[in-house]
Amino acid sequence: FEERAALCATSTEKPKVEGLTASEMAGRVEEGLRERSWFVTGLVDATLFADSFQFSDPSVSASSLEEYARGVSRFFTQGESGARMKVIYAKPTKPNEIQVCWWLDAQVNLPGKPRIKPYIVITTYRINAKGLICYQEDAFAIPEWDIALSAFLKGIGAPSALEPEEDPTNNNIKNNNIKNNNIKNN
C-alpha cells in the first residue's frame, strides 16, 4: 500500500510549478512537508521537482523522484507508531538552493522493526533554471554508524535530538538542537 501511495504522489498528472524563486520554493516545500511529511512517507509533491531529479545521502542514492519516493516508503515504517518528522526551517541559501532543517524519529523496516534514535537532518535542494528541484542531498547531525548502531544498541553514541516544540507565538518550531547549520556528510 505505501509503495502505491508513494508512486501516486510522484505522478506527473499535474503540471510542474515552474519559475518560483528560491524563497517561494522554500515556502512551498515547507508547506508540503508539513502536510505530507514526504521525507518519511514518500508522498512527494511532484509538481515541485524536475524530471531529472537525483538524490544522495551518506549511504543511499536515487536517480529519479519515483525511485526516491519508493525507497523512503519502504525504508521507514509507515503509520502512527512509525516514522515522524518535523520541519525546523526551510530557507533559501543561494539563488538556486534551499536548505531544510528537520528532525527525524523513526522506526525502520529492518528485522524486528527497530526504532533509531531521533536526529537532525539538513537537506539541501538545488533548483534548476526552470525553478524546479533537481537535486537533493541529505547530511546528518550524527555519524551514520551511530544512527545504525542505535537501532540495536540503545544509549550508545551521541545523545538523541530532542523533539522540536511548536512556538505558539508565531506557529514556528523552536529547537535547541541547532547550534549551526554547517552539518557535514558523515
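Bear in mind these aren't lab numbers, they're just calculated from the coordinates by the rules spelled out. Given the structure is predicted, the values throughout are model-derived calculations rather than measurements. A quick note on method: Cβ atoms are made from the backbone with ideal geometry, for glycine too, and the neighbour counts reach across all protein chains shown.
Values computed for the structure shown
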| read-out | value |
| --- | --- |
| Distance in nm between pseudo-label sites at LEU110 and ASN96 (7 Å out along the Cβ direction from Cα) | 3.7 nm |
| Of LYS86/LYS130; LYS16/LYS130; LYS16/LYS94; LYS91/LYS117; LYS14/LYS91; LYS94/LYS130, pairs whose Cα-Cα distance is over 19 Å | LYS86/LYS130; LYS16/LYS94; LYS91/LYS117; LYS14/LYS91 |
| Region 17-130 - percent relative contact order, Cα under 8 Å, separation 6 or more | 25 percent |
| Calculated FRET value between GLU137 and ASP51, using beta carbons and R₀ = 22 Å, to 0.05 | 0.75 |
| Translational D in µm²/s for region 1-123 (Stokes-Einstein at 10 °C, 1.306 mPa s, Kirkwood Rh from C-alpha pairs) | 106 µm²/s |
| Long-range amide H partners of TYR135 with built H, under 5 Å | GLN54, ARG126 |
